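The structure appears right after this line, and notes come after that.
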Amino acid sequence: LPYELTCTVTCDSQWGYTPLILCKTTSSSTLPREYSIQNNSDCWEDYVYPTIKVSPKSHGIITIKNKTDNDRTMKINALKSDNFYIDCRNLKIYDITKSIVSFEDLGIEDIDDIYWPRLAYGENIFEFTGDATFEISYREPRKVGAFA
């Protein structure tokens, strides 16, 4: 028997993306960990907004400082073994069940002053502090073909 299948596709960009790029680092509560992330996007004027998985190993303050972006910093109060994700593009933080984590639970008092980490074109130097593992994932836009 013949069947009909109808699909609707929505494109979020006028160009393609690279496969997922994954960077991983670990920091401790006593020594900051510097980590370099290279953004080779074809969009030199735009930022790339990553998703950051944070896996705390103990209770305490975790900081993510982007030295390339004027030392802007995100500071979070994390709980041991309570993994969470920072979605920098969509400005939200959620847990492994995809439930939104409140800013109050993370010790963020002034929501107007939250820094959402982003990658400028070229080298980005991050400094991570806190007893945790960080997985930074993102895709770089790729412009292919001819355009004006």
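The values are calculated or read from the model by the stated rules, or taken from the named source; none is laboratory data. Keep in mind that what you see is a predicted model, and the values were worked out from it rather than measured. Neighbour counts run over all protein chains shown; Cβ positions are idealised from the backbone, glycine included. Please note that ligands, DNA and RNA were not included when accessible areas were found on the heavy atoms of the full protein model with its side chains. Shrake-Rupley method; radii C 1.70, N 1.55, O 1.52, S 1.80 Å.
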Original post:
Here are some conditions: (1) touching a Leu at 6+ places or on another chain (Cβ under 6 Å); (2) open to solvent by 70 Å² or more (accessible area, probe 1.4 Å). Val48 meets all but one. Which one does it not meet?
Top reply: (2)
Subject >> Test: residue in the stretch 53-61 that is on the phi > 0 side of the Ramachandran plot and loosely packed, with under 11 Cβ neighbours inside 10 Å >> reply: no
**OP:** Could you tell me whether Val9 is closer than 27 Å to Pro141 by Cα, surrounded by fewer than 14 Cβ atoms within 10 Å (Cβ to Cβ) and of a type in the set (Val, Ile, Thr)?
**Re:** yes
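Which residue out of Asp87, Asp46, Asp42 is touching a residue at least 60 places away in the same chain (Cβ under 8 Å) and out of contact with any Lys or Arg (no Cβ under 8 Å at 6 or more places or on another chain)? Can you show your working first?
Values: Asp87 fails: touching a residue at least 60 places away in the same chain (Cβ under 8 Å); Asp42 fails: out of contact with any Lys or Arg (no Cβ under 8 Å at 6 or more places or on another chain).
Just one listed residue meets the conditions, Asp46.
For Thr68, indicate whether it is at pLDDT 95 or above and open to solvent by less than 60 Å² (accessible area, probe 1.4 Å). Quick ask: steps written out before the conclusion?
On the way: at pLDDT 95 or above: yes; open to solvent by less than 60 Å² (accessible area, probe 1.4 Å): no.
No; evaluated as a whole, the condition is false for this residue.
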**OP:** Considering each of Ser13, Ser29, Ser55 in turn, give the residue that is of a type outside the set (Asp, Glu), more than 20 Å from Tyr121 (Cα to Cα) and not in a strand (DSSP E or B).
**Re:** Ser29
Original post:
For Tyr3, which of the numbered conditions (1) at pLDDT 95 or above; (2) among the aromatic types (Phe, Trp, Tyr); (3) in a loop (DSSP other than H, G, I, E, B) fails to hold?
Top reply: (1)
Original post:
Tell me, which strands (runs of 3 or more DSSP E) wholly within the stretch 82-135 include 2 or more residues that are of a type in the set (S, T, N, Q) and out of contact with any Cys (no Cβ under 6 Å at 6 or more places or on another chain)?
Top reply: 122-129
Original post:
Does the stretch 14-36 hold any residues that are open to solvent by less than 50 Å² (accessible area, probe 1.4 Å) and out of contact with any Ser or Thr (no Cβ under 9 Å at 6 or more places or on another chain), and which are they?
Top reply: Gly16
